[in-house]
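The structure appears below as structure tokens.
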Amino acid sequence: MPHVPPNGPGSDAFWSEEEWEAYLAAHDREASRYVDLVFFFITKYPRPLGGSPEDLAAWRESLRCFLERHGWDAGLSPLPLLWTKGEGRAPEAAAFPFDTPDADAHLLPAIPAYTEAAGLASDALGWAQQLDVREKDLDLVTWCSRVSQVPAYIAQGHQIGYASDSMPGNIACVRRALRAANESLDQLRRRKRKGDAWRVAYTRFYEPLYELRNTLGAYVQDLRARADLGID
């Protein structure tokens, strides 16, 4: 994430959830610039399909260098495309969408909302990867991306923290996770008759997503209650 400005969280002026939302939206706009650069690179230098692990590693390193020349910083805008399983991470943290502080990394799996969201995202991506390439249309890719954002937002909120000045930012991130879950549900409802893949996706993932949405709503309320009580 971008560095917090001097008059933001951590200063004497606390940000509201809405101010955090605006700040996070600005971060998204910056991150989208790097996503555009990734697509530009992939168009010019396609990912080596069927190549050796060394070929893939060399391609990732070329992409990393390209992005860094355009100002990208892995610490500020993590891109899962550049990760390899377990690279620089404990095995249980290999799927974490954000690098969390070492002292707190063990807490993320203990958050029920995160555990539920990460498990669902893993199941959805694993299912989608087994589909025939002809079934992987842009809508399905967008749906998978949205589902994957749910645990990412929860982890981002955890990274922001639970202190009185940062709790609104944590809540803003979980609210984003809730919106992503609702949008994913809406996609399943609208496209369940679009084709075989979407019918299977609706049957397999609608109920777990609905339950996750409820979990996230309860988690937002829990964080707000903790903020009201001043519990860090």
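Here are a few things to note about the model shown:
- Residues satisfying the stated conditions in the range 157-183, i.e. open to solvent by less than 10 Å² (accessible area, probe 1.4 Å) and within 21 Å of Asp123 (Cα to Cα): Val174, Ala177, Ala180, Ala181
- Single condition Arg69 does not satisfy, out of (1) loosely packed, with under 12 Cβ neighbours inside 10 Å; (2) at pLDDT below 75: (2)
- Subset of the range 1-41 (residues that are more than 21 Å from the chain's Cα centre (by Cα), modelled with pLDDT of 75 or more and either exposed (fewer than 13 other Cβ atoms within 10 Å of the Cβ) or over 24 Å from Leu223 (Cα atoms) (or both)): Ser16, Phe40, Phe41
- Just one of (1) free of Cβ contacts under 8 Å to residues at least 60 places away in the same chain; (2) touching a Ser or Thr at 6+ places or on another chain (Cβ under 8 Å) fails for Pro168. It is (1).
The values are calculated or read from the model by the stated rules, or taken from the named source; none is laboratory data. Bear in mind that the values here come from a model prediction, so they are computed numbers and not experimental data. Every residue, glycine among them, receives a Cβ derived from its backbone with ideal geometry; neighbour counts consider all protein chains shown. Ligands, DNA and RNA are excluded from the accessible area calculation, which covers all protein heavy atoms including side chains. Shrake-Rupley method; radii C 1.70, N 1.55, O 1.52, S 1.80 Å.
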